[in-house]
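Chemist: Below you'll find the structure I mean.
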Amino acid sequence: MTTALTDGLAWLAVGLFAAAAALDWYDGDHGRGRARYLAAGAWVVFGVFWLALFPHFAFEQKSFIEGALSLVALPACLYVGYLLLQGRETLFLLSRAVAFMGLIYMPFTMIPPAKEWLIETVAWQGEIVMQSLGYEFQVIQREETIRGAYFFATENDGEFTINVLLACTGLGSMAIFGGLIAAVRAPLRRKLRAIAIAIPVIWALNLVRVVFITLAFSQQWLQVFVDPTMALVGYENPNMVSYFISDRVLAQSLSVVALVGIAWAVAREVPELLTVGEDVLYIVTGDEYDLHEAVGTERPIATDGKGE
């Protein structure tokens, strides 16, 4: 039920964002009023979508970071919609970006061959890395058609199975940067350079993440603060502590740092993206910032308009 609800909300939000972007492009300045209301409605739906995901992140995945972010997303999205209605035109760029992000991400959730290919590719590359490091394990089928799980049989701690899910492929991060780069109105050559920076780096770092979590869990590297962690998270199996610390604490925290670094590198090629950063900082703090000066790039003559 939750999956059907969140999938429906996701597609509705992406559809509304895409419709708002199309209306803005088709009608130009004359259509921006209608596009503004449509985009504001899309942000409301987008906020409800993240709220619906809160139980999944907080209670099923036991991810405090993702749970907190999904909870905060509702008021943040409502505020973005309000700012759009108040005339903050630069938020059309962020709205377009969300539409592109969804159009990149959602097909992999709906088209089984695409999902299987992505998962199996990551699992295969992780297999090569871990075998080169000297670890012995098997790659088994996670589902009837997906060869995407690592099986470790250890002498001291027993057997471990680590599933490679769609969330383990880095698709979400690649969709974020792909959507942002696609949304800006900038020369194609600069967009392609930005893609060439973001996607390979995200892919490589995600592969490191998959290998680290798999080995940390299967080899029980992080069995520290076991009792407090089990009490906090609600695990019954003490072996899960290594998984929790490696994935939910270390990997997710470092992912945020990595994404900031990638964003800085991409913004050097496509400074138009700094407008999104300025809008996000304004939403969070209520103050205006000049990220172009901070990064050392010139502000484009127009950040969101037909003449870029």
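Chemist: Mean separation of Cα pairs under 8 Å and 6+ residues apart, divided by the residue count of the range 181-255: what relative contact order is that in percent? The partial results should precede the final answer.
Modeler: Numbers: 41 pairs, mean separation 19.9, N = 75.
With pairs under 8 Å counted, the relative contact order is 27 percent.
Chemist: Once amide H atoms are built 1.01 Å from N in the peptide plane, which residues 5 or more positions from residue 149, or in another chain, come under 5 Å H to H?
Modeler: The answer is 140, 142, 164.
Chemist: In nanometres, what is the gap between the two model label sites at residue 153 and residue 252, each 7 Å from Cα along Cα-to-Cβ?
Modeler: Result: 3.3 nm between the two label points.
Chemist: Right, next: Would you calculate the separation in nanometres between label points at residue 114 and residue 132, each defined as 7 Å from the Cα along the Cα-to-beta-carbon direction?
Modeler: Between residue 114 and residue 132, the label points sit 3.0 nm apart.
Chemist: A further question on this structure: Let me spell out the model: positive unit charges on the Cβ of Lys and Arg, negative unit charges on the Cβ of Asp and Glu, origin at the Cα centre of the range 112-308. What dipole size does that give, in debye rounded to 20?
Modeler: Details: 13 positive and 23 negative charges, 145 e Å.
Computed charge dipole of the range 112-308: roughly 700 debye.
Chemist: In whole angstrom, note down how far apart the Cα centers of the range 107-131 and the range 252-289 are.
Modeler: 29
Chemist: Could you tell me the relative contact order of the chain? Use alpha-carbon pairs under 8 Å, at least six residues apart, and round to a whole percent. Spell out each step's value before the answer.
Modeler: Details: 391 pairs, mean separation 48.4, N = 308.
Taking the mean separation of contacting Cα pairs over the length of the chain, I get 16 percent.
Chemist: For the range 191-203, just list the computed ³J(HN,Hα) in residue order, Karplus coefficients 6.51, -1.76 and 1.60, θ = phi - 60°, integers in Hz, with x standing in for Gly and Pro.
Modeler: Going residue by residue, I get 5, 5, 5, 5, 4, 5, 7, 6, 5, x, 5, 4, 4 Hz, with x marking Gly and Pro.
Chemist: Still on this model: Charges on Cβ only, +1 for Lys and Arg, -1 for Asp and Glu, centred on the Cα centroid of the chain; of 200, 101, 16, which one is farthest towards the dipole's positive end?
Modeler: With unit charges placed on the Cβ atoms, the residue in question is 16.
Chemist: Angle between the Cα long axis of helix 274-285 and the longest principal axis of the chain, 0 to 90 degrees, nearest 10?
Modeler: 80
Chemist: So for each of 118-124, 13-19, 203-209 I average, over its residues, the number of other beta carbons within 10 Å; can you give me the resulting order with the highest mean first? Don't skip to the end; give the middle numbers.
Modeler: Values: 118-124: 19.1, 13-19: 20.9, 203-209: 17.6.
By packing density, highest mean first, the sequence is 13-19, 118-124, 203-209.
Chemist: For the peptides 132-142, 167-177, what is the packing order when you average, over each peptide's residues, the other Cβ atoms within 10 Å and list the highest mean first? If you can, show how the numbers build up before the last one.
Modeler: Values: 132-142: 12.7, 167-177: 19.8.
Ranked from most to least packed, the peptides come out as 167-177, 132-142.
Coordinate-derived values only; no laboratory data. Being a predicted model, the structure only gives us computed values, none of them experimental. All Cβ positions, glycine included, derive from the backbone under ideal geometry; neighbour counts span all protein chains shown.
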